[in-house]
1. Go through Ala584, Ala529, Ala588 for me and flag whichever is small (Gly, Ala, Ser), in a loop (DSSP other than H, G, I, E, B) and over 30 Å from Asn440 (Cβ atoms).
2. How many residues are closer than 16 Å to Thr401 by Cβ and either of a type in the set (Ser, Thr, Tyr) or in contact (Cβ under 8 Å) with a residue 60 or more places away in the chain (or both) when one looks only at segment 347-388?
3. For segment 499-520, name all the residues that are open to solvent by 10 Å² or more (accessible area, probe 1.4 Å) and either at positive phi or touching a residue at least 24 places away in the same chain (Cβ under 8 Å) (or both).
4. Can you report the number of residues in segment 577-607 which are touching a helix residue (DSSP H, G or I) at 6+ places or on another chain (Cβ under 8 Å), within 30 Å of Leu472 (Cβ to Cβ) and surrounded by fewer than 13 Cβ atoms within 10 Å (Cβ to Cβ)?
5. Can you tell me which condition Pro324 does not meet? The list is (1) surrounded by fewer than 18 Cβ atoms within 10 Å (Cβ to Cβ); (2) outside any loop (DSSP other than H, G, I, E, B); (3) touching a residue at least 24 places away in the same chain (Cβ under 8 Å); (4) of a type outside the set (S, T, N, Q), and all the others hold.
6. Does Asp372 satisfy the criteria of being among the charged types (D, E, K, R), buried (at least 16 other Cβ atoms within 10 Å of the Cβ) and more than 30 Å from Asp599 (Cα to Cα)?
7. For Ser250, indicate whether it is polar (S, T, N, Q), modelled with pLDDT under 60 and touching a Gly at 6+ places or on another chain (Cβ under 9 Å).
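The values are calculated or read from the model by the stated rules, or taken from the named source; none is laboratory data. These numbers were taken from a predicted model, which means no experiment stands behind them. Note: ideal-geometry Cβ built from the backbone for every residue, glycine included; neighbour counts use all protein chains shown. We work out accessible area using only protein heavy atoms, side chains counted, and drop any ligands, DNA or RNA first. Shrake-Rupley method; radii C 1.70, N 1.55, O 1.52, S 1.80 Å.
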Amino acid sequence: MKGEHQIHQLNQYPLPQQHPDPSMASASAGGGFGKAKMWEDESQRMDGGMDELLAVLGYKVRSSDMADVAQKLEQLEEFMGCAQEDGLSQLASDTVHYNPSDLSTWLETMISEINVPPPNFDPLMGGAVAGIQLSQQQVQLVDDPFLAPAESSITTVDFPDHRKSKSMSTSPTQNVFEDCNSSSSYYDFKSIPGNAVFTKTRLDSSSREPKRLKSSSGSSPSDLLFNRPAASSLPQPQQPISLPAPAESSSTRPALLVDSQENGVRLVHGLMACAEAVQQNNFNLAKALVTQIGYLAGSQAGAMRKVATFFAEALAHRIFRVYPQPPIDHSFSDMLQMHFYETCPYLKFAHFTANQAILESLHGKTRVHVIDFSMNQGMQWPALMQALALRPGGPPAFRLTGIGPPASDNSDHLQEVGWKLAQLAETIHVEFEYRGFVANSLADLDASMLELRPSEAESVAVNSVFELHKLLARPGAIEKVLSVVKQMKPEILTVVEQEANHNGPVFMDRFNESLHYYSTLFDSLEGSANSQDKVMSEVYLGKQICNVVACEGLDRVERHETLTQWRARFDSADFVPVHLGSNAFKQASMLLALFAGGDGYRVEENDGCLMLGWHTRPLIATSAWKPSSNSVIAH
């Protein structure tokens, strides 16, 4: 327990007033002699091992007694909070019982009068979870191999509540949950069977040196999940904080606010414990945990708070069986994706690398036909059209087929996109032909619908950005679509997908993977300059989180898979890889350098494919494929 912990508590508790010391008054009146006397007293306190900050306030506490004094204060507060119902009202009054300047002795005397048994103090667990009542339970951390115990400074405050405080049980074996509908207590984060259990690690309090108050600027979620040191973990000088004493009320319950990093660790533990309870169909426990996660998320700042809030909301949907419905208005999803495009380089990278692969595969062709499985607002194609316009010898004839979902108002939004692209083509003198094709699912497509022309007349390229994983919800759908692609006889199939495994059969595995993945994504958004684009991008990602966590069956469409898994699928469908050239890698790196300096973003080459990630975590992958010669002959 740290020295600053004691200062905050002393400002909170209504301790008796000290008796004035006449010698100090005379020393003050003595001018220089008084100052000399004060410096002498200060020197004596320092030499005696007294904590200098508490000494300034007039309390004598040795540095070695800090942890013991802190625990006694917490214990005494519990009894003072229950003074009225326990018949100890004299402790809650302002009556001066003793001179508390020797704080440790005073606390010991007060506690001995009411026969309070000494607690089994655990310095690690001294910082309890924010917003959770310390009633009849002890906190046990949850296992996550990415997390490590963290130290922090702790501030004690009171939150109003309609339940009266109960004294904390000191039995180390009391780990029994009451029913979540019980009005007598709250659920804490308890250990539950399964992989989420993390046995409590005890630290030797003697090895933890006292430190001064440190600022809590917040830890990024990827720092917490990947155990990277955060700036807030470094001690920094700061003035002591004085908290106002809480109003005396029987309807208050004590809670502890810990610094951002340690609270963030407990927040992740709580999320994992809640997911484990959901997997075990222990919904009473899950309901209680998801409520406490909301309290913890509110104490965070930045990306960690947003990620935890979205995951808590998704868990609540699943726990209370209020499943999110697929969006009726796809224009709203398109609008969110446009904000995501502007906020970060992921979609720009996807479009750029896919376009580069298409340009190289169609080099020298006079008529090209691009079939886009992910038309949306057509943001990918102006850059490709401009590149074709600059081709030596003149641009080829460019035909574009855009496939997208139907609009909720039955408007032909794909045709509107086509009109805008046609205007651009006229401006840059590119022969342009466009057709929009509405389909509820790519699995509903047939090659005969696309008016394909002989390969001697035009060369075909197929493009898919963040679309193929949605087919994995329907058995056999991905195999059918790849079969249709082979009938198109394309020169190239470009595929961009999230580099994550969110399609496993075990809910806990999906939850753990998605928590790490989206924590990194949200962390990368924090540097965005445009706040509106950033907020809408977070909503865009939040909808994905909700689908991954809350939905099952055909409704769970965000079934992301890794590049390794996609390689296996394309190989089994008789596709061969097309290596993205070194030029694509260099130009992608230059693109990132133009985007906010590229700080934190990394481009990696993986066996002919390109990946974009944040620091050490790959987040999206671009790959290129074409049907093997045998499969083309067969069709």
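1. Details: Ala584 fails: in a loop (DSSP other than H, G, I, E, B); Ala588 fails: in a loop (DSSP other than H, G, I, E, B).
Exactly one of Ala584, Ala529, Ala588 is small (Gly, Ala, Ser), in a loop (DSSP other than H, G, I, E, B) and over 30 Å from Asn440 (Cβ atoms), namely Ala529.
2. 13
3. Glu499, Asn501, Asn503, Val506, Phe507, Met508, Asn512
4. 0
5. (2)
6. Numbers: among the charged types (D, E, K, R): yes; buried (at least 16 other Cβ atoms within 10 Å of the Cβ): yes; more than 30 Å from Asp599 (Cα to Cα): yes.
Yes, satisfied.
7. Values: polar (S, T, N, Q): yes; modelled with pLDDT under 60: yes; touching a Gly at 6+ places or on another chain (Cβ under 9 Å): yes.
Yes.
Matching residues to (1) at pLDDT 95 or above; (2) of a type outside the set (D, E, K, R):
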residue	(1), (2)
Asp555	no, no
Arg567	yes, no
Val576	yes, yes
Gln587	no, yes
Gly598	no, yes
